[in-house]
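Colleague: Encoded as structure tokens, here's the structure I'll be asking about.
Laboratory data are not the source of any read-out in this text; all were calculated from the coordinates shown. This one's a predicted model, so the numbers in the text were calculated from it and none came from an experiment. Cβ placement follows ideal geometry from the backbone for every residue including glycine, while neighbour counts extend to all protein chains displayed.
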Amino acid sequence: MSVVVDANLVAGVLLPLPYRPQAKAKVLAWKQAGEDLLAPTLIEYEVCSTVRRVVLAGWIAAEEAEAALIRMRHLAIRTVPPTLELHMAALQWAQRLGRTRTYDAQYMALAEELRADFWTSDLKLFNRAKQLGLAWVHCILEPSAPPA
């Protein structure tokens, strides 16, 4: 079975963010259950940018930034390169979500194509997905998050 994860969730595993315990517990549960973690290639760029922001905010030292990126490799997230079809689906998802950018929509498009659950730590994105009736979108901060 496969799970699509976004950069917010992965950043929570790697960095001292408020939702780190939930992110680490969820990823550990998936790994123990033998789930494949998937994401669009975009995740690498987004996580790298988040690491940089955390360094600038003074939450971690610059030396720790490189270690965080190395730890990301150890998570063994299989990245899926973009296709024209995924980009077109992302445009449609961005419209449905009311977003001006397609970053979040790229994850949604991939999950939809793979018929996989999509997990995030972005409550705003999760709440919008719930408004659209998307049962396959989950948030690690959701009180009734289904088990791994």
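Colleague: Among the residues of region 76-87, are any in contact with a Cys (Cβ under 8 Å, 6 or more places away or on another chain), surrounded by 14 or more Cβ atoms within 10 Å (Cβ to Cβ) and within 14 Å of Ser2 (Cβ to Cβ)?
Modeller: No, there is no match, as no residue in region 76-87 is in contact with a Cys (Cβ under 8 Å, 6 or more places away or on another chain), surrounded by 14 or more Cβ atoms within 10 Å (Cβ to Cβ) and within 14 Å of Ser2 (Cβ to Cβ).
For every residue, the table says whether it meets (1) under 15 Å from the mean Cα position of the chain (by Cα); (2) on the phi > 0 side of the Ramachandran plot; (3) not in a helix (DSSP H, G or I).
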position	(1), (2), (3)
Val4	yes, no, yes
Gln22	yes, no, no
Tyr45	yes, no, no
Val51	yes, no, no
Trp59	no, no, yes
Glu64	no, no, no
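Colleague: Does Val3 count as touching a strand residue (DSSP E or B) at 6+ places or on another chain (Cβ under 6 Å) and not small (Gly, Ala, Ser)?
Modeller: Taking the combined requirement at face value, the residue satisfies it.
Colleague: Here's another thing I want to ask about it. Would you call Pro40 surrounded by fewer than 12 Cβ atoms within 10 Å (Cβ to Cβ) and touching a residue at least 40 places away in the same chain (Cβ under 8 Å)?
Modeller: no
Colleague: Still on this model: Does any residue of region 88-99 turn out to be closer than 19 Å to Val27 by Cα and either charged (D, E, K, R) or assigned to a helix (DSSP H, G or I) (or both)?
Modeller: Looking through region 88-99, none of the residues is closer than 19 Å to Val27 by Cα and either charged (D, E, K, R) or assigned to a helix (DSSP H, G or I) (or both).
Colleague: Just for region 66-86: of the residues that are in a helix (DSSP H, G or I) and of a type in the set (A, V, I, L, M), which one is farthest from Gly12 (Cα to Cα)?
Modeller: Step by step, filter region 66-86, then rank; the result is Leu84.
Colleague: Say whether the condition of being within 15 Å of Glu113 (Cβ to Cβ), free of Cβ contacts under 8 Å to residues at least 60 places away in the same chain and not polar (S, T, N, Q) is met by at least one residue in region 56-71.
Modeller: No.
Colleague: Among the listed residues Leu141, Leu125, Leu110, which satisfies the condition of being in contact (Cβ under 8 Å) with a residue 24 or more places away in the chain, closer than 23 Å to Trp30 by Cα, assigned to a loop (DSSP other than H, G, I, E, B) and within 15 Å of the chain's Cα centre (by Cα)?
Modeller: After applying the criteria, what remains is Leu141.
To keep it simple, each residue is scored yes or no on (1) out of contact with any Cys (no Cβ under 7 Å at 6 or more places or on another chain); (2) among the hydroxyl-bearing types (Ser, Thr, Tyr); (3) buried (at least 16 other Cβ atoms within 10 Å of the Cβ); (4) within 20 Å of Arg20 (Cα to Cα).
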| position | (1), (2), (3), (4) |
| --- | --- |
| Leu56 | yes, no, no, yes |
| Ile60 | yes, no, yes, yes |
| Thr120 | no, yes, yes, yes |
| Leu123 | no, no, no, yes |
